[in-house]
Amino acid sequence: MKIKIYAEETYTTTVYREAMEIDTDNYPELEGMTEDQISDYVDSNIWDMKPVNSDIYESLGEELLDKDVESDDIGGEETTFYVSEV
């Protein structure tokens, strides 16, 4: 019997970008929220939030993703092998 053997490698890449400082006074939608509530709101709505620099960016998410990479990590390596008949 002849078989084919396949290998699949999977990695998880995590990139940490430079932090941005925003003034919550410029984001009325955050008024009265706790830090945890703000975190949840930003996580769900960052693409709809106004950027700090609206001359260049269309959303706060776009602006944040343009920040410099402070560090990165490649982990979660997994290798799986597959066999099938020819």
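Return yes or no: is Ile5 loosely packed, with under 14 Cβ neighbours inside 10 Å and either at pLDDT 95 or above or closer than 30 Å to Val86 by Cα (or both)?
Working: loosely packed, with under 14 Cβ neighbours inside 10 Å: yes; either at pLDDT 95 or above or closer than 30 Å to Val86 by Cα (or both): yes.
Taking the combined requirement at face value, the residue satisfies it.
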Residue pairs within 9 Å by beta carbon, gap of at least six or interchain, first lying in region 14-34 and touching a residue at least 60 places away in the same chain (Cβ under 8 Å) and within 26 Å of Val69 (Cα to Cα), second of a type in the set (S, T, N, Q) and not in a loop (DSSP other than H, G, I, E, B), listed first then second, are Thr14/Ser71
* Regarding Ser71, is this residue out of contact with any Gly (no Cβ under 6 Å at 6 or more places or on another chain), touching a residue at least 24 places away in the same chain (Cβ under 8 Å) and among the small types (Gly, Ala, Ser)? -> yes
Exception for Glu78 within (1) within 23 Å of Thr13 (Cα to Cα); (2) at pLDDT 95 or above falls at (2)
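Yes or no: region 38-46 includes at least one residue that is in the same structural domain as Ser84 (by TED's automatic domain parsing), out of contact with any Cys (no Cβ under 7 Å at 6 or more places or on another chain) and among the β-branched types (Val, Ile, Thr). Step through it out loud before you land on a result.
Step one: of region 38-46, the residues in the same structural domain as Ser84 (by TED's automatic domain parsing) are none.
Looking for residues that are in the same structural domain as Ser84 (by TED's automatic domain parsing), out of contact with any Cys (no Cβ under 7 Å at 6 or more places or on another chain) and among the β-branched types (Val, Ile, Thr), one finds none in region 38-46, hence no.
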- Query: Quick check: anything in region 23-41 surrounded by 10 or more Cβ atoms within 10 Å (Cβ to Cβ), of a type in the set (Val, Ile, Thr) and closer than 30 Å to Val83 by Cα?
  - Reply: no
Note on region 49-75: residues touching a Ser or Thr at 6+ places or on another chain (Cβ under 7 Å) and either loosely packed, with under 11 Cβ neighbours inside 10 Å or not assigned by TED's automatic domain parsing to the domain that holds Glu29 (or both) are Asp72, Asp73, Ile74, Gly75
Going through region 1-53 in order, the residues found to be closer than 25 Å to Thr79 by Cα and among the β-branched types (Val, Ile, Thr) are Ile3, Ile5, Thr10, Thr12, Thr13, Thr14, Val15
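The values are calculated or read from the model by the stated rules, or taken from the named source; none is laboratory data. If you're wondering where the values come from, they're calculated on a predicted model, not measured in any experiment. All Cβ positions, even for glycine, are placed from backbone atoms using ideal geometry, and neighbour counts span all protein chains on display.
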